[in-house]
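A short worksheet on the structure shown next.
The values are calculated or read from the model by the stated rules, or taken from the named source; none is laboratory data. As the structure is a prediction and not an experimental result, all values here were calculated from the model. With ideal geometry, Cβ positions are generated from the backbone for all residues, glycine too; neighbour counts draw on all protein chains shown. The area values use the complete protein model at the heavy-atom level, side chains included, leaving out ligands, DNA and RNA. Shrake-Rupley method; radii C 1.70, N 1.55, O 1.52, S 1.80 Å.
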Amino acid sequence: MITLATFPAHFGTRSTSPFCIKAIYLLNMAGLEWKRQDELDPRKFPKAKLPAIIVGSQTIGGSDIIQQYLEGHGHDFDAGLSAQEKAQSHSFIRMAEEHMYFHLVLDRWGNNAVWPTVRDVYFGAIPKLPRLFITSGLRKTLTKGMIVQGLGRLSEKERMERLEPDLQAIVAQLAGKRFLFADVPTAADASVASVLATMRATPIKTDLSRRIANDPALSGYIDRVDAELG
Ligand SMILES: N[C@@H](CCC(=O)N[C@@H](CS)C(=O)NCC(=O)O)C(=O)O
């Protein structure tokens, strides 16, 4: 039996982390039996991040590495895709995980209106005073990282303008299909829909959460993927 170490579910998604939701989707797509183990502190896992799967004595961390592990055990997440479609799928995954994801981080950790809710829900298990101390350090580290990355230097309006072509690319790719590459989900859906789902679920309404929630193509897609793979 595989154990999936994941950040907990909050705000109506299966985890606060899109990478953890992606891992849930991949495990379900592979049709494997697994159980979940909610974790708040990722430090003892590979790269000090979640998700990770525990299989016997092995701990495999990172949704991409988990995917490779499952592929190594015979599951093809992109069955039927041409070499060109696989290349496009790879680009969509990178767009979601290495660009769109950081918009989510800033919307939750960098937004003063959202932060108190995120802090008290994510870290509610820590008593109030140490929570304020610990989370303010975490927040500083994360927002500093976003300034180095670059997106942290943009205003909310500038960020939305930068993200818009990504969202339009997803809608264009979905045209006429239930999922990104076919009428059945593939690896790209596990990745892209998880990022969109967490963007939509931010509990205090922001330009980003509203943009996704008010787009019937994106919102319908998030719900379709979750109904199929959740
Ligand atoms: N490339 C990794 C990224 C995983 C990741 O960034 N996880 C975040 C949560 S969304 C994390 O564990 N962050 C903890 C930290 O940075 O301290 C994957 O595909 O799983």
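Among the listed residues Lys35, Lys47, which satisfies the condition of being of a type outside the set (Asp, Glu), on the phi > 0 side of the Ramachandran plot and either in contact with a strand residue (DSSP E or B) (Cβ under 8 Å, 6 or more places away or on another chain) or assigned by TED's automatic domain parsing to the domain that holds Tyr122 (or both)?
Criteria check complete, one pass: Lys47.
Conditions (1) in the same structural domain as Asp189 (by TED's automatic domain parsing); (2) touching a residue at least 40 places away in the same chain (Cβ under 8 Å), marked per residue:
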{"residue": "Phe77", "(1), (2)": "no, yes"}
{"residue": "Ala87", "(1), (2)": "yes, no"}
{"residue": "Ser91", "(1), (2)": "yes, no"}
{"residue": "Glu98", "(1), (2)": "yes, no"}
{"residue": "Phe102", "(1), (2)": "yes, yes"}
{"residue": "Asn111", "(1), (2)": "yes, yes"}
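Of all the strands (runs of 3 or more DSSP E) wholly in the stretch 1-107, which have at least 1 residues that are open to solvent by less than 30 Å² (accessible area, probe 1.4 Å) and within 16 Å of the ligand (Cβ to nearest atom)?
2-6, 52-55, 58-61
Is it true that Ala175 is more than 16 Å from the ligand (Cβ to nearest atom), touching a Phe, Trp or Tyr at 6+ places or on another chain (Cβ under 8 Å) and more than 29 Å from Leu32 (Cα to Cα)?
Numbers: more than 16 Å from the ligand (Cβ to nearest atom): yes; touching a Phe, Trp or Tyr at 6+ places or on another chain (Cβ under 8 Å): no; more than 29 Å from Leu32 (Cα to Cα): yes.
Considered against the rule, which asks whether it is more than 16 Å from the ligand (Cβ to nearest atom), touching a Phe, Trp or Tyr at 6+ places or on another chain (Cβ under 8 Å) and more than 29 Å from Leu32 (Cα to Cα), Ala175 comes out as no.
Going by what's in this entry, would Thr141 be described as open to solvent by 80 Å² or more (accessible area, probe 1.4 Å) and of a type outside the set (D, E, K, R)?
In short, yes.
Can you pull out the helices (runs of 4 or more DSSP H) entirely within the stretch 124-230 that have at least 1 residues that are under 20 Å from Ala113 (Cα atoms) and without any contact (Cβ under 8 Å) to a residue 12 or more places away in the chain?
Once the helices (runs of 4 or more DSSP H) in the stretch 124-230 are filtered for at least 1 residues that are under 20 Å from Ala113 (Cα atoms) and without any contact (Cβ under 8 Å) to a residue 12 or more places away in the chain, what remains is 128-149, 156-174, 207-213.
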